[in-house]
Amino acid sequence: MTIARDELLKQFQRIATEVAERDITIASETARISDLGLDSLNTLEVIGSLERELKIRIPDDQLVGIQTVGQLVDLVQKRLG
């Protein structure tokens, strides 16, 4: 399954907004996830939702070092590919 990068960004933003229960706006892919106001638990919830919606599995060890929205989208695209 291939999903356009901009669609993945929109999906991340939608899920992050739901998890944080407030509007999350992603100015660029270089935005740090922590700067969006998501703590580590929120981030794991977002990733879990992405995994369920996209029917993928992201091993925990691949999440180490992921700091920006773009890095997470890169990882999701690899798992989809």
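Nothing in this text is a laboratory measurement; each read-out follows from the coordinates by a stated rule. Note that the coordinates shown come from a computational prediction; the quantities given were computed from them, not determined experimentally. Cβ atoms come from the backbone with ideal geometry, glycine included; neighbour counts cover every protein chain shown.
Assorted remarks:
- For segment 59-70, 3J(HN,Hα) per residue [Karplus equation, 6.51 cos²θ - 1.76 cosθ + 1.60, θ = phi - 60°, Hz, x = Gly/Pro]: x, 3, 5, 7, 7, 5, x, 6, 10, 10, 4, x
- Charged side chains reduced to their Cβ positions (Lys and Arg at +1, Asp and Glu at -1) give the chain a dipole of some 280 debye around its Cα centre.
- For T68, residues with placed amide H under 5 Å, excluding near neighbours: I33
- Amide H to amide H, with H built 1.01 Å from N, I24 comes under 5 Å of T17, counting only residues 5 or more places away or on other chains.
- Extension gain, R14-D60: 0.36 nm per intervening residue step, less the Cα-Cα distance, totals 14.3 nm.
- Springs between Cα atoms under 10 Å define the GNM used for the chain, and in it the highest mean-square fluctuation of T25, T43, T68 occurs at T25.
- Under a Gaussian network description of the chain, with springs only between Cα atoms under 10 Å, the residue in D60, D39, D23 that fluctuates furthest is D60.
- The GNM of the chain, with springs linking C-alpha atoms under 10 angstrom apart, assigns the highest mean-square fluctuation among L36, L50, L63 to L63.
- Over all other residues within a Cβ to Cβ distance under 11 Å of G70, the charged ones net out to 0, with Lys and Arg as +1 and Asp and Glu as -1.
- To the nearest ten degrees, helix 5-20 and the longest principal axis of the Cα atoms of the chain are 50 degrees apart.
- Residue by residue, segment 37-54 carries 3J(HN,Hα) couplings of x, 9, 7, 5, 5, 4, 4, 5, 5, 4, 5, x, 5, 4, 4, 5, 5, 9 Hz when phi is fed to the Karplus relation 6.51 cos²θ - 1.76 cosθ + 1.60 (θ = phi - 60°); x denotes Gly or Pro.
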